[in-house]
Amino acid sequence: MTNSIPLVDLHAAHAEIAEEVRAGFDAVLASGAYVKGPEVAAFEREYAAFSGAGHAVGTANGTDALEMALRALELAPGGGVVLPANTFVATAEAVVRAGLRPVLVDVDEEHLLIDVAQAADRVPGSVALLPVHLNGQLAPMENLLEAADGLPVVEDGAQSQGATRHGRPSGSWGRISATSFYPGKNLGAYGDAGAVVTDDAALAEAVRLLGDHGSARKYVHERFGFNSRMDALQAVVLRAKLRRLPVWNEARRAAAARYDKLLGGLDGITLPRTLPGNAHVWHLYAVRVDRGRDGVLAALQQAGIGAGVHYPVPVHLQPAFRHLGHGAGAFPVTERAAGQLLTLPLFPQLTEAQQHRVAEALAAALRRR
């Protein structure tokens with residue numbers, strides 16, 4: 001459909017930075033410094049400052065970033081890491097790849113963030129706590145730090161670049177944090193990229209070593225590592241976007257507020273809620289459809305609305321994680337959300353007219369259920 005509204009419009013974002021990116025690419029191509037190099041170093045400094053952390057280390061992707069953050073902590077092999085069941089599979093995947101064991105807990109009904117009480121119950125006998133900042137807002141970090149009872153807290157900040165809690169940025173709460181710059185993120189690269197941020201210089205150096213084959217000096221490998229480095233072309237893109245991210249996040253907030261007004265009177269859906277104390281950056285705007293979600297989704301797509309569904313099969317019900325031993329009903333809030341959540345188009349360049357079209361199409365789809 002020629003007049004469709006995409007879930008995310010990457011072309012619109014690129015149009016705003018195209019000239020700056022082209023000039024940056026030309027400079028990198030002229031220098032020949034394609035991996036790491038001055039562009040990556042500059043981005044690391046800028047992103048650390050943006051995140052309120054002392055150090056940032058660029059990585060090849062967000063999953064590697066999370067795995068390396070966990071490995072840098074040198075946790076006991078096979079130890080349990082407490083994390084929410086309501087997350088993308090990469091969170092649990094990174095735990096397993098790091099030689100650790102996912103300890104899943106449910107989420108709260110209102111915000112779908114990690115349930116603090118359940119997390120606290122699973123902390124004894126575990127080696128780390130891994131909260132996920134979901135859809136653009138932070139988990140209740142002050143409560144989770146208390147619940148951790150001294151265990152290291154590792155933030156999964158893949159969906160929260162620029163978000164804050166009580167004024168404190170995502171990535172600055174835990175011992176170490178990982179993020180993803182997958183193209184659709186609030187801060188997205190032109191391919192895969194990620195980063196680890198921390199105030200701990202020793203942890204940052206450990207992550208850097210891990211991502212460069214365990215080598216600080218060429219052909220001298222101090223530990224077993226792997227290849228996960230940010231390339232310079234991605235750093236060019238990320239630097240250009242980072243300069244615009246505060247403005248783009250404000251545009252997302254304005255769009256979310258407009259959806260709240262447009263959709264507030266519709267029966268059969270529950271709008272997303274912001275946890276008090278959070279400054280949300282609306283990576284996703286996901287409503288809950290009380291029944292017939294898949295039919296509503298199909299109707300929207302037929303109308304040219306690029307709606308979507310995130311995490312329709314929870315981590316614990318994925319075949320790859322059958323070994324954890326959780327069946328249907330183990331995490332009821334997560335499972336209900338998986339069958340109800342519907343993500344609507346949201347990106348900084350989304351227009352008011354487009355949002356009116358989305359709202360009208362959603363209202364029509366709900367009436368036809």
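A few points about this structure:
- Scope the range 100-120; condition open to solvent by 40 Å² or more (accessible area, probe 1.4 Å) and over 28 Å from residue 288 (Cα atoms); matching residues: 101
- Selection of first residues in the range 73-91 that are open to solvent by 30 Å² or more (accessible area, probe 1.4 Å) and of second residues that are of a type in the set (Lys, Arg) and modelled with pLDDT of 95 or more, restricted to Cβ pairs under 7 Å at least 6 apart or on distinct chains, gives the following pairs, ordered by first then second residue: 78/101.
- Test for residue 332: is it within 19 Å of the chain's Cα centre (by Cα) and of a type outside the set (Ser, Thr, Tyr): no
- Look at (1) assigned to a helix (DSSP H, G or I); (2) out of contact with any Asp or Glu (no Cβ under 6 Å at 6 or more places or on another chain) and you find that residue 94 fails only one, number (2).
- Residue check for residue 245: at pLDDT 95 or above and open to solvent by 50 Å² or more (accessible area, probe 1.4 Å): no
- Taken as a whole, the structure leaves residue 40 outside the set of residues that are in contact with a His (Cβ under 8 Å, 6 or more places away or on another chain) and at pLDDT 95 or above.
- Among the residues of the range 79-109, those identified as under 19 Å from the mean Cα position of the chain (by Cα), among the charged types (D, E, K, R) and within 24 Å of residue 276 (Cα to Cα) are 106, 108.
- Failed condition for residue 7, given (1) modelled with pLDDT of 95 or more; (2) open to solvent by 40 Å² or more (accessible area, probe 1.4 Å); (3) hydrophobic (A, V, I, L, M, F, W, C); (4) touching a Lys or Arg at 6+ places or on another chain (Cβ under 8 Å): (4)
- Strands (runs of 3 or more DSSP E) lying entirely in the range 132-222 (those with 2 or more residues that are at pLDDT 95 or above): 154-156, 176-180, 194-198
- The range 321-335 residues that are closer than 20 Å to residue 114 by Cβ, paired with ones that are surrounded by 11 or more Cβ atoms within 10 Å (Cβ to Cβ) and charged (D, E, K, R) (beta carbon under 6 Å, 6 or more apart): 331/106; 333/106; 333/109; 334/106
- Residue count, the range 263-307 (criterion: at negative phi and crowded, with 18+ Cβ neighbours inside 10 Å): 21
- Members of the range 50-73 that are in a helix (DSSP H, G or I) and hydrophobic (A, V, I, L, M, F, W, C): 50, 65, 66, 68, 69, 70, 72
- Qualifying residue in the range 31-49 (condition: assigned to a loop (DSSP other than H, G, I, E, B), of a type in the set (S, T, N, Q) and farther than 16 Å from residue 243 by Cβ): no
- Looking across the range 338-369, the residues that are farther than 13 Å from residue 287 by Cα and either without any contact (Cβ under 8 Å) to a residue 12 or more places away in the chain or assigned to a helix (DSSP H, G or I) (or both) come down to 351, 352, 353, 354, 355, 356, 357, 360, 361, 364, 365, 367.
- Residue match in the range 176-197 (condition: open to solvent by less than 10 Å² (accessible area, probe 1.4 Å), among the hydrophobic types (A, V, I, L, M, F, W, C), touching a residue at least 12 places away in the same chain (Cβ under 8 Å) and touching a Pro at 6+ places or on another chain (Cβ under 7 Å)): yes
- When residues of the range 22-76 are limited to those that are on the phi < 0 side of the Ramachandran plot and of a type in the set (Asp, Glu), the one farthest from the chain's Cα centre (by Cα): 26
- Filtered residue count, the range 22-56, keeping only those that are open to solvent by 20 Å² or more (accessible area, probe 1.4 Å) and either within 15 Å of residue 173 (Cα to Cα) or of a type in the set (Lys, Arg) (or both): 8
The values are calculated or read from the model by the stated rules, or taken from the named source; none is laboratory data. The structure presented is a predicted model; accordingly, all values stated were derived computationally and were not measured. Positions of Cβ are backbone-derived with ideal geometry, glycine not excepted, and every protein chain shown enters the neighbour counts. The accessibility values were calculated without ligands, DNA or RNA, using every heavy atom of the protein model including side chains. Shrake-Rupley method; radii C 1.70, N 1.55, O 1.52, S 1.80 Å.
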